[in-house]
Amino acid sequence: MSTRLPTFGDVKAGEIKGVLLDKRLLAGSALFVFLALYPALTMNAYHTRLLAWIMCFAIAALGFNIVLGYTGLLSFGHAAFFGAGMYTVVIAMERAGITDLVVLLVLAMIVAGVVGAIIGALSVKTHEIYFALLTLALAQLLFVLATRDVGGLTRGTDGIGLTRPDFLGLPVSEVPAQFYLMGFYYHVILVCLTATILLLWVVLRSPFGLTLKMIRENETRAEMSGVPILRYRLYSMILSAMIVGLGGALYAVVVGHITPEYLDWTMSGEIVFMALLGGIGTFLGPVVGAGGFILLQELALSVTTYWHFTMGLVLFVVVLTLREKGIWGGAKELLERLDERRDNS
Amino acid sequence: MPIESLMVNTFNGLYFAALLFFASVGLTLVFGILNLLNMAHAAFYGLGAYVAVWTLNNMGDITTSTVVLLAVLVLVIPLVVFVLSAVLDKTVFAPLYEIEPVYQLLATFGVILMLDDVIKFIWGASPITVDGAVDPSRQLGTLDLLGISVSAYRSVVILIAIACAVGLYLMFVKTKLGKISQAMSEDYEMVQMLGINVNRVRIMIFSISVAIAALGGALFVPFATATPAVTLEYVLLSFAVIVIGGLGSLKGVVVAALVIGMVRSFGIAYYPALELAIVFGLMAVVIIFKPEGLFGDEGVVE
Amino acid sequence: MNTQLMNENNSHVSRRNFLKGSAAVTTVGSLAGCVLLEGDFGTEEIDGIPDEPFRIVQLLFESGPPAFYGEEARNASEMLVEQINDDGGLIGEREIEVVDRLDEDAGPDSLISDVQAMAQEGEVDMIMGIVSSAHSLAVAPAADDQQLPFLVTMPGTYQLFEENPEMDHVVRTAGTNAAGAVGAVRMVEQMDDVETVITVDPDYAWGHDHQEMFTAGLDAVGADVEVVESRYPELGETDYSAHVSAIADESPDLLFSSLWGGDISTFVSQGVAGGLFEAVDEALLIGDTGAPLLDSLGADMPENVWLGGRGGYQPNYRYDEDEAHREFVDEYYERYDQLPGWGAYHEWMGFEALQEGVERAVQIIGDWPTGEQLMASMNNIAFEAPHGQHTMHGPQAVAPAVFGRPTDDHDLPVDHPLLGEFEFIEAAEVNPPEGVLTMDWVDEIEPMTG
Amino acid sequence: MSTQNTRNTASARSSGSAEPILRTENVRKEFGSLVAVDGVSLEFYDDEIVGIIGPNGAGKTTFTNLLSGALSLTDGTIVFDGDDISDLRRYKRVRRGLVRSFQIPQIYDELTVFENVQASVLSRKGENNRLFTLTHRDSDSVEETERLLEMFNLEAHADEHTEHLPHGVRKILDVAMSFALRPKLMVLDEPTSGVGSREKNAVMETITDAAVERNIGLIFIEHDMELIRTYSDRIVALHEGRVLADDDPAAVMNSEEVNQFILEGGV
């Protein structure tokens, strides 16, 4: 019995789609322009850095939701891919002396993809709770390797600091930290997030995306239609791992110092929390969830020392009330209901 | 390998197995019988630890007799937590019984965060320990067992764990509640249809399971420190135990607790660096090759 | 002061130096500091003192196992701020206000984001504190990037300045963990008939660094002591019985451990129960252990142990000779009904450095220092501490090593033992000279003179 | 009700291909001590509709599960389209054209009817791995899906989510999705179960017409003797895992053992 998670039937056949698409495309590009200009307009480094932090985790949450929202598998091991992305960047810079950002990001995605393939190959046969616990156990093995500093690569729990990479030969790393982030790196993350959204929007509406939904909705039927479901679950894990790895790699430069905590299972829990808060049954839910989670945490932190309680309560309430809709899905439904009431009133 | 250190490590393994048994048996029963996967189960182990330290330290002036202290740990604290969990079952956990295991896992992940801060709110953030005067493990001292001197208190803890396991087994085999629970673990809906007051059985099973976890926490404390990290450590370990033992199987928990207890004890003694990795490695291997665990496909007590 | 500027940079690339590429650990921090201060020599009355208080934000653990230190640091800082403000504030003119406390348990992402916010809003004059080494390695460079002054008071990781030599907005008043580890080596040099040692260190960077320095130091000084075994229990371990029985089995002459906080009290209490301290002749417990450990263990504290670490931060160490120390201990005890532990002492040193730094800067500049000038003025200064002079090599403090034995004859109003028979090893014997990388120095240290 | 025995005009062995599309040689399945299928050897042709009857527990469903690969053989071989597929994995048998439909309609609840059928169309064409084309813009799979929807008169429900569909329509959708795989031989497990008696014939008509039009062989399990007699070219009677009779409907209906074990005893 696959996890019963609804999809998002927002794509209607025929011309209605055209209209819908335009409206959303319009809103999307407006938001993109606003975000792109934000640092220049406000010169507010704190907000810029906060947005950069949120966007990195938005990419990770989007990548994670390929496996949960689209293929119906709850993984508690995605920190392995996020951490793999981070450590690849740090170790490539330190040991291999690679300083070019594009090369580093591609390398990080490849390494995360490989880790995704390994963990995926071992776990795609299992279901629901066993899948969650197996991915958790496998990711924790990676965490233990990092804390033990096996092979002298990760330098244990104190972690490794990293310098700022250059970009296609341009020595941008010399620019002071402030301008590096607001003038250059923030926009790199924004471009990566936009590319991820567009790429996934197409991929998850392609035959491949439909196949993942088939597996989520009814495994037996999918297999009886000639789909090798284990192989496609593995593809889903690999694609997801690469995108989460990209999020991790981008974030490594933002935080500047990598410690094994980013591989720990509580980090996986955070990524799951973000996707769920936003709404795993929606396409953009995870992006909203990442923003919601980080802002909520920062707010809770500034208000009370019992911020764990606040976060726990929010997770509990969201799971019970909104389930796969999340705040984004719930908001959309509210808007639709308002439209209907306005239309027929 | 000298025979004594073999004996000592086995004894340490038994002690750790006993603690693991307390922390995990409730988790597997609640999942096996009530279909509720409660990630926050180990948080009650942590709660039991803090309540025990607080109770013992405040009993200093009333009495310091070992028997009374042990009675408090074994009876009073589990009873208090039993009542508390009955209330919690009705309020916090009630809505979780209908939702899918995936969502149960996530909701109870939230409960861990909440319980963590409740403990911090009441007892503060830094570790607390039982004062020397009211610490039964110091009062009982050591005893000779087959040529090695071991802590008497820890032997008592092992005996209590064995008694608890046997007690649970008898409960399932002999009592009405036990038989109904076994039926529920096979076919939950069918039992409901038979008109049995499922809610009452549910609260009993849930509260007994949580009380046992609290008992574990209480017995654990005299010999160690109650710190915020206890809950998180035992969440992972208890999942490893129930997965290896087989979800929903009492026999599974006993065997798996022994396996991990020995692995940990001998691991620390001879290959310390690997100790943590072994537990996760074992868990991964079991899920991959025998997902239902050692005794998962059998009933609660077959 | 000029001699320090001229000392020759050691450009030898060490295996420990990683990212910065620049081989030499230049004393840029101190160089920049002195150049800035050389400006026009101060006139008498000091104008331009801002009227709002000197605003500090503290970074401390308020949850999780290390909250043990966070609580002590918070207690000490409340007390010290009150004392300083009672006599007018910094240089008697400007009061201090701790405007916010950030919970370190939120992790580096959140801390760095807050640093960014504070730097931007400009309403915070200095951030102070931090407990975890990993957090200091993450937050210090970030604060420096944002030009937000950061007074690091507790972490001991020697890599802080060795990996980020160009930080000129960061100063650390805690000695590096070299002092503890090499201090232990110096102790072993004075011990007779110690042939075997077992090390037990928490399984993370702090523990591994201590073990490496201790063993490398033993080789360097040519002590014929065999390290029989090195054990790494998990941080926050709750059951040490397996370690205890294994060590008791080996019964080495010496037990060395850098376990700290809750871990060391659990380890020692389970060790006592397991007969560990009968099996070993001597134990060197250098994990910043002090009054709180003795309090929690009370009468069960074994005799054959040396407690201590990087600094004389024990309540009854020179309690009678050092009046400032006596006041600090009495006031702390009176307020919090317990003796100050290492968290409190580290914070005290921080505030001492701040006061000394401000005084010096104002004297030289004749005006209230900017953030950078304040930090620069704290370079290469020295101030009074329980163990005498607490000196700064550039931005990094060098602490002596002080160890003591548990004893009951002390005249402090507590019913648990404290330390006595103190051994003092001066800073130069347990810290690398300025400009030399720690591990390079440890590999070639000479046996102790005299 | 259409003329009762239009189906029977096609002779049991129509002139079509001489070679059987599916041959089972003493296929056997044991569950521990229970022998569910005890050495069944049958032949099926790709232009023939065969009804399988037998009491509950006669091994009908187990036999179809063996054909589809849902269960593994204890003994015997299955040859399909000339190849031995005895241990071929399920999805590979579908790719070769041996498709089964289910007693309870197995459809994708969260997708629209259109997407359900299109999913099968794309899977048949092996295009699951196409990443960069939008399904609703992929003209040839859209057209084929629309044609299938028309054939099974499902166009009206194209954009509806399957959760709200009446049971009869869900049944037809399930069959349509199987047809979308362009099978050579289709196995249907009680295709009309759960459908109102008035619509039963309509469902069977749709199925058999589509099969004949596309030259697809059918094997269907049915308890309703009326339907069996009306729509089968040939009837196989199973009893206790063995073939009791295998002949055209008239002969089987009158055969003495069939009456004794199945018609009175069973049904």
For D:K60, B:K179, which order do you get if you count the other beta carbons within 10 Å of each Cβ and list the fewest first? B:K179, D:K60
Degrees, to the nearest 10: B:250-270 long Cα axis against longest axis of chain B: 30 degrees
Averaged over the residues of A:225-236, the number of partner chain Cβ atoms within 10 Å of each residue's own Cβ comes to 5
Compare C:D105, C:D86, C:D288 in a GNM of chain C, Cα atoms joined below 10 Å, and give the one with the largest fluctuation. C:D86
Under the Karplus relation with 6.51, -1.76 and 1.60 and θ = phi - 60°, whole-Hz ³J(HN,Hα) for the stretch B:75-88, x at Gly and Pro, equal 10, 5, 4, x, 5, 4, 5, 4, 5, 4, 6, 4, 5, 4
At 37 °C in a medium of viscosity 0.692 mPa s, the stretch B:3-228 has a Stokes-Einstein diffusion coefficient, with Rh taken as the Kirkwood radius over alpha carbon pairs, in µm² per second, of 176 µm²/s
Check which residues have an amide H placed less than 5 Å from D:A245's amide H, if you skip close sequence neighbours. D:A237
If packing is taken as the mean number of other Cβ atoms within 10 Å per residue, what is the order of C:130-141, D:163-174, highest first? C:130-141, D:163-174
Over 36 Å apart: what share of the alpha carbon pairs of chain C falls there, rounded to a whole percent? 25 percent
Would you compute the Debye intensity of chain A from its alpha-carbon atoms alone, equal scatterers and no solvent, and pass along log10 I(q)/I(0) at q = 0.06, 0.13 Å⁻¹ to two decimals? -0.21, -1.04
For helix C:67-86, what angle does its Cα long axis make with the longest principal axis of chain C, in degrees from 0 to 90 and rounded to 10? 40 degrees
Formal net charge of residues neighbouring D:A245 (Cβ-Cβ distance under 11 Å; K, R +1; D, E -1): -3
Need the C-alpha centroid separation for the stretch B:42-76 versus the stretch A:189-215, integer Å. 56 Å
Exposure proxy order (Cβ contacts within 10 Å, fewest to most) of A:L315, B:L232, D:L122: B:L232, A:L315, D:L122
Listed residues C:A205, A:M86, B:M7: farthest to the positive end of the dipole of the protein assembly as shown (Cβ charges): A:M86
Quick one: which residues, 5+ away or cross-chain, put their amide H under 5 Å from the amide H of C:A385? H built at 1.01 Å from N. C:H390
Which order do the peptides A:195-206, D:185-196 come out in when sorted by mean C-beta neighbours inside 10 angstrom, highest first? D:185-196, A:195-206
Across C:240-251, the residue-averaged tally of Cβ atoms belonging to other chains within 10 Å stands at 6
Size of electric dipole in the stretch B:84-221: Cβ of Lys, Arg +1 and of Asp, Glu -1, about Cα centre, debye, nearest 20: 420 debye
Among rounded, prolate and oblate, which fits the stretch B:197-292 when a ≥ b ≥ c are the square roots of the eigenvalues of its C-alpha gyration tensor, a/c under 1.5 means rounded, and a/b larger than b/c means prolate? oblate
Which of D:S68, A:S173 comes first, and how do the rest follow, when ranked by fewest Cβ neighbours within 10 Å? A:S173, D:S68
Per residue of the stretch D:137-153, what does 6.51 cos²θ - 1.76 cosθ + 1.60 with θ = phi - 60° give for ³J(HN,Hα)? Whole Hz please, x for Gly and Pro, Karplus curve as stated. 10, 7, 3, 5, 6, 5, 4, 4, 5, 4, 4, 5, 4, 4, 4, 9, 5
For the pair A:A117 and A:L168, what calculated FRET efficiency results from E = 1/(1 + (r/R0)^6), where r is the Cβ-Cβ distance and R0 = 35 Å, to the nearest 0.05? 0.75
Tally Lys/Arg at +1 and Asp/Glu at -1 over every other residue whose Cβ is under 15 Å from the Cβ of D:K92; what's the total? +4
Take peptide D:134-141, look around each residue's Cβ out to 10 angstrom, count Cβ atoms belonging to other protein chains, and average those counts. 4
Expressed in Å to one decimal, the Kirkwood Rh of the protein assembly as shown from all distinct alpha-carbon pairs is 35.0 Å
Cβ-derived FRET efficiency at R0 45 Å, A:V303 paired with C:Q363, nearest 0.05: 0.60
For the protein assembly as shown, calculated [θ]222 nm from helices alone, where every DSSP H run of n ≥ 4 adds -39500 (n - 2.57): -17000 deg cm²/dmol
The local net charge around B:Y270, scoring Lys/Arg +1 and Asp/Glu -1 for residues other than B:Y270 whose Cβ lies under 12 Å from its Cβ, equals -1
The ³J(HN,Hα) series, computed from each phi in the stretch B:286-291 with the Karplus coefficients 6.51, -1.76 and 1.60 at θ = phi - 60°, rounded to the nearest Hz and given as x for glycine or proline, is 5, 5, 5, 9, 9, x
Quick one: Debye curve from the alpha-carbon atoms of the stretch D:108-181 only, equal weights, vacuum; give me log10 I(q)/I(0) at q = 0.23 Å⁻¹ to two decimals. -1.01
Sort the following peptides by mean Cβ neighbour count (other Cβ atoms within 10 Å, averaged over residues), highest first: A:295-304, B:205-214, A:277-286, B:150-159. A:277-286, B:205-214, B:150-159, A:295-304
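All of the numbers you see were taken from the coordinates with simple rules; none came from a lab. The shown structure was predicted, so the numbers you read here are calculated from the model rather than taken from an experiment. When we count neighbours, we look across all protein chains shown, and the Cβ atoms used for this are built from the backbone with ideal geometry, even at glycine.
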